[in-house]
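Structure record follows, encoded as structure tokens.
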Amino acid sequence: MKELRLMKGNEAIAEAAIRAGADGYFGYPITPQSEILEYLMAEKPYETTGMVVLQAESEVAAINMVYGGASCGKKCWTSSSSPGISLKQEGISYMAGSELPGIIVNVVRGGPGLGTIQPSQADYFQATKGGGHGDYRLLVLAPASVQEMADFIPLGFDLAFKYRNPVMILTDGVIGQMMEKVELPEFTPRWTEEEIVKMSGDWATTGKTPDRERNIISSLILDSAKQEKHVKKLELKYKAMEADEVRYETFQCEDAEYLLVAFGSTARICQKSVDIARAKGIKVGLLRPITLYPFPTIPIHELASQVKGMLVVEMNLGQMVEDVRLAVNGKVQVEHFGRCGGMIPNPDEIVKNLVSKIIGG
Amino acid sequence: MAKVKGAIVINNERCKGCEVCVDVCPESVIAMNKNVNTKGYHYAMVTNENCTGCTNCAVVCPDGVITVYRVKVPTEVV
Amino acid sequence: MAVITREDIIKPENLVYKRTSLLVDCALSYCPGCGHGTAHRMLMEVIEEMGIQSKTIGVAPVGCSVLAYEFLDIDVQQAAHGRAPALATAIKRLMPEKYVFTYQGDGDLAAIGTAETIHACNRGENFVIIFINNGIYGMTGGQMAPTTLPHMRASTCPYGRDTETMGNPLKITELVATLPGTCYVTRQAVHTPGNVRKTKKALRKAFEYSYAKKGVSLVEIVSNCNSGWKMTPVQSNKWMEENMFPYYPLGDIKVPAAE
């Protein structure tokens with residue numbers, strides 16, 4: 001029987017990782033995600049499941065610990081918030097280049113710079129367009145509830161190992177800090193060394209045994225022709241993700257004449273805006289991308305034939321709106337409404353902006 | 001009383017001609033060849049039969065190109 | 001009277017030394033006379049003699065030895081510049097039954113990776129750090145390193161290292177020896193047969209101590225960079241003895257308490 005608990009998003013994600021059979025968490029304190037490390041240290045999973053929990057000396061070290069563990073075929077993850085995620089970009093790029101699985105949780109806060117500790121979605125570009133140096137993509141999951149915080153950890157590990165690619169869970173201070181009821185996933189045992197060798201023995205550094213060649217984890221390919229071949233191979237994975245892993249949710253879109261597009265906590269707020277608008281007789285629907293990469297381009301493109309205009313609501317100056325415009329490709333008007341710096345849009349001002357920017361009024 | 005006699009085999013193609021082996025040989029067995037290998041390096045060569053198989057040259061060779069053999073020789077044979 | 005010919009001696013039964021088969025049979029990418037090759041060979045001889053090939057995970061750095069994984073016939077991870085101790089921390093914690101080592105140069109370990117080095121040492125992680133100190137950034141073309149000697153020339157201090165503006169060479173080995181998390185800290189060299197043999201003994205001890213959960217073992221190998229120093233290999237080894245060793249004296253700096 002599943003357990004129902006009242007938890008903070010940050011706690012739920014930590015508990016879910018223990019239950020998902022994660023092997024190692026490597027973190028560094030930063031607001032608003034420090035509860036993740038605190039929860040794990042208090043729960044002591046190293047005494048129960050054997051999961052390693054370590055407070056690293058920096059975000060840079062933490063992501064490189066994930067790199068080291070992932071190279072051994074282990075389920076490893078880290079978490080941070082925006083300024084810390086910037087520091088992790090070096091390691092994330094190396095992980096993508098070396099084709100390593102792993103999860104990076106970004107509980108986004110407002111920026112640029114040290115910014116604010118309040119919630120934001122200003123790291124959309126960084127998360128979905130690569131983030132660090134070089135040609136690569138992360139598979140990006142955007143939870144909109146504490147339940148999804150918990151659910152996306154096992155899902156994230158599945159996808160990370162399926163594609164041998166880092167997965168980012170892009171959430172924000174609202175979801176990280178808020179408490180909701182959450183149905184916790186069942187316990188999955190950690191993989192044994194034998195299982196790891198069976199699953200990942202053809203690439204992971206588990207120790208060179210006489211029955212195989214040595215395994216090397218590296219993103220260094222000095223020969224340009226070979227480097228291009230490698231990047232093209234990565235591209236095939238991204239194409240496969242785009243074909244098979246797009247996840248999204250629609251809300252009252254069946255008869256919608258106007259569409260709101262929003263992810264994460266902003267999508268929760270937009271549900272209320274849909275209700276308010278419909279009470280005023282405006283037929284509005286909501287599309288919530290769950291995977292930010294791969295982006296739900298096709299469903300948005302299809303809805304462009306149905307609706308008269310779209311408003312993209314984000315806690316930033318306008319980032320996802322660019323992907324929506326690419327999907328719509330000029331077919332209908334697409335405008336952006338954003339709050340930033342830690343300010344959260346309220347449902348009424350969203351409706352007001354829909355009317356003023358799209359419907360006309 | 002037995003005496004030791006050694007011999008070394010140098011992988012000419014892998015030798016980079018650094019000459020580190022030359023100085024460490026107590027019997028002055030090694031010198032550099034006037035010819036070069038396909039990489040263009042003057043490679044080490046054996047110049048006399050005084051090798052005792054002490055392994056100094058092989059141990060210090062950065063590229064590990066020297067293999068050492070050694071036999072005990074009864075004095076009367078020499 | 002029988003004469004023993006060269007052919008009589010060169011027979012498998014008379015073999016006393018050959019390059020270990022745990023070094024991949026290919027040309028090393030290092031410059032002629034560079035100590036990296038010798039350090040690699042000693043490392044792999046120790047792994048061979050301890051019979052731990054299948055139990056050893058190495059971490060290669062950025063720098064001249066970035067391609068170390070091409071030469072070492074074991075599983076190896078290549079780290080971002082300076083991050084090798086972070087990788088090794090995770091590997092050893094997740095697979096405590098493995099022998100884990102990092103192989104790092106002076107720029108990697110003592111400049112960009114200072115934090116990772118010191119904190120891994122401070123936590124007392126049970127892996128081995130092999131630190132090649134040649135006082136220069138070799139791979140990128142001979143720039144000043146944290147360990148470049150005072151007044152020594154490099155491409156980014158062409159008039160010599162001015163300690164007034166560039167600081168003094170960092171003795172990071174002595175520094176980490178002060179941390180309780182390190183168990184064995186030693187400084188060796190590989191330019192003479194005697195030094196090579198001592199280095200090998202030090203590497204073996206390092207693997208044994210760290211595997212016995214005593215903490216980090218750090219083996220610094222003071223080495224040459226004849227290309228970066230703009231000397232012949234033989235000249236560079238002499239220069240190293242005369243200039244590097246007085247600043248970086250060879251010998252054990254810290255040994256486990258039991259000894």
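Every read-out reported here was derived from the displayed coordinates using simple, explicitly stated rules and does not represent laboratory data. The structure displayed is predicted, hence computed values, not measured ones. Cβ placement follows ideal geometry from the backbone for every residue including glycine, while neighbour counts extend to all protein chains displayed.
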Item to check | Whole-Å distance, taken between Cα centres, linking the stretch A:1-56 and the stretch A:181-230 | outcome: 23 Å
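I want to verify the translational diffusion coefficient of chain A in µm²/s; compute it with Stokes-Einstein, Rh as the Kirkwood radius over Cα pairs, at 25 °C and 0.890 mPa s.
Values: Rh = 21.0 Å.
Estimated diffusion coefficient is 117 µm²/s.
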Item to check | Solvent-free Debye scattering, log10 I(q)/I(0), computed from the Cα coordinates of the stretch A:248-359 at q = 0.14, 0.15, 0.16 Å⁻¹ | outcome: -0.45, -0.53, -0.60
Item to check | Globularity ratio of the stretch C:74-134, using Cα Rg and 2.2 N^0.38 Å | outcome: 1.02
Checklist outcome for this item: For C:Lys230, counting only lysines whose alpha-carbon sits under 20 Å away and dropping same-chain residues fewer than eight positions off, the answer is B:Lys16, C:Lys238
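Based on the mean of other beta carbon atoms within 10 Å per residue, what is the order of A:184-194, A:70-80, most packed first? Please list the in-between numbers first.
Working: A:184-194: 13.8, A:70-80: 29.9.
The densest-packed peptide leads the list: A:70-80, A:184-194.
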Item to check | Gap separating the Cα centres of the stretch C:189-259 and the stretch A:291-327, nearest whole Å | outcome: 60 Å
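Report the chymotrypsin sites (Phe, Trp or Tyr not before Pro) located in the stretch C:17-69 that are in a DSSP loop and have at most 13 other Cβ atoms inside 10 Å of their Cβ, or state none.
Numbers: sites: C:Tyr17, C:Tyr30, C:Tyr69; in loops: C:Tyr30.
Answer by residue number: there is no such site.
Determine how many Å³ per residue the convex hull of the Cα atoms of the stretch B:2-74 encloses. Working shown, then result.
Numbers: hull volume 5.2 nm³, N = 73.
For the stretch B:2-74, the hull spanned by Cα atoms encloses 71 Å³ per residue.
Taking the Cβ of each residue in B:Met32, A:Met199 as the centre, tally the other Cβ atoms inside 10 Å and list the residues starting with the fewest.
Numbers: B:Met32 18, A:Met199 13.
So the residues, fewest neighbours to most, are A:Met199, B:Met32.
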Checklist outcome for this item: Within chain B, cysteines having no neighbouring cysteine beta carbon under 4.7 Å are B:Cys15, B:Cys18, B:Cys25, B:Cys51, B:Cys54, B:Cys61
Item to check | For the stretch A:248-359: lysine pairs under 20 Å (alpha-carbon distance), excluding those fewer than 8 apart on one chain | outcome: 15
Checklist entry - Which shape class, rounded, prolate or oblate, goes with the stretch A:70-207 when its Cα gyration tensor gives a ≥ b ≥ c as root eigenvalues, a/c under 1.5 marks rounded, and past that a/b bigger than b/c marks prolate? => result oblate
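Per the Kirkwood formula on distinct C-alpha pairs, the Rh of the protein assembly as shown is how many angstrom? Before the final figure, lay out the partial values.
Working: mean 1/r = 0.0358 Å⁻¹.
Result for the protein assembly as shown stands at 28.0 Å.
Which helices pass in chain C if a helix is a full DSSP H run, must span at least 20 angstrom along its long axis by Cα, and must have mean Kyte-Doolittle hydropathy not below -0.5? Intermediate results must be reported in sequence, preceding the final value.
On the way: long enough: C:35-50 (23 Å, -0.18); C:193-211 (27 Å, -1.23).
Long hydrophobic helices here: C:35-50.
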Checklist outcome for this item: In vacuo Debye sum over C-alpha of the stretch A:215-313, base-10 log of normalised intensity I(q)/I(0) at q = 0.10, 0.11, 0.24 Å⁻¹, listed in q order, is -0.41, -0.47, -1.19
Checklist outcome for this item: C:Arg204 and A:Glu180 label points (each 7 Å along its Cα→Cβ direction) are spaced in nm at 6.2 nm
Checklist entry - Taking the Cα atoms only, what angle lies between the long axis of helix A:146-163 and the longest principal axis of chain A, rounded to 10 degrees? => result 50 degrees
Checklist entry - Which aspartates and glutamates have a Cα less than 19 Å from the Cα of C:Lys205, not counting those fewer than 8 places away in the same chain? => result C:Glu45, C:Glu48, C:Glu49, C:Glu97, C:Glu125, C:Glu174, C:Glu220, C:Asp252, C:Glu259
Checklist entry - Quick one: which of A:Lys208/C:Lys213; A:Lys226/C:Lys92; A:Lys88/C:Lys201 span more than 29 angstrom between C-alpha atoms? => result A:Lys226/C:Lys92; A:Lys88/C:Lys201
Checklist entry - Roughly what angle does helix A:264-279 make with the longest principal axis of chain A, taking Cα atoms, 0 to 90 degrees, to the nearest 10? => result 20 degrees
Item to check | Reachable aspartates and glutamates, given that their alpha-carbon falls under 12 Å from the alpha-carbon of B:Lys3 and they are not under 8 places away in the same chain | outcome: B:Glu76
Next on the checklist: Given the C-alpha atoms of the stretch C:19-137, compute the convex hull and give its volume per residue in Å³.
Outcome noted: 92 Å³
Next on the checklist: Below 11 angstrom from the Cβ of A:Cys76, what's the summed charge of the other residues (Lys, Arg +1; Asp, Glu -1)?
Outcome noted: +2
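For the stretch A:43-85, what is the per residue volume of the convex hull drawn over the alpha-carbon atoms, in cubic angstrom?
Values: hull volume 3.3 nm³, N = 43.
Spelled out: Cα convex hull of the stretch A:43-85, divided by residues, is 78 Å³.
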Item to check | Choice from C:Thr102, C:Thr56, C:Thr156 with maximal GNM fluctuation in chain C (Cα, 10 Å cutoff) | outcome: C:Thr156
Checklist entry - With a Cα-only, solvent-free Debye model of the stretch C:28-254, what are the log10 I(q)/I(0) values at q = 0.10, 0.12, 0.16 Å⁻¹? => result -0.39, -0.57, -1.05
Item to check | Euclidean distance of C-alpha centroids, the stretch A:158-173 and the stretch C:81-104, integer Å | outcome: 24 Å
Item to check | Inter-chain Cβ neighbour average for residues C:111-122, partner chain, 10 Å | outcome: 2
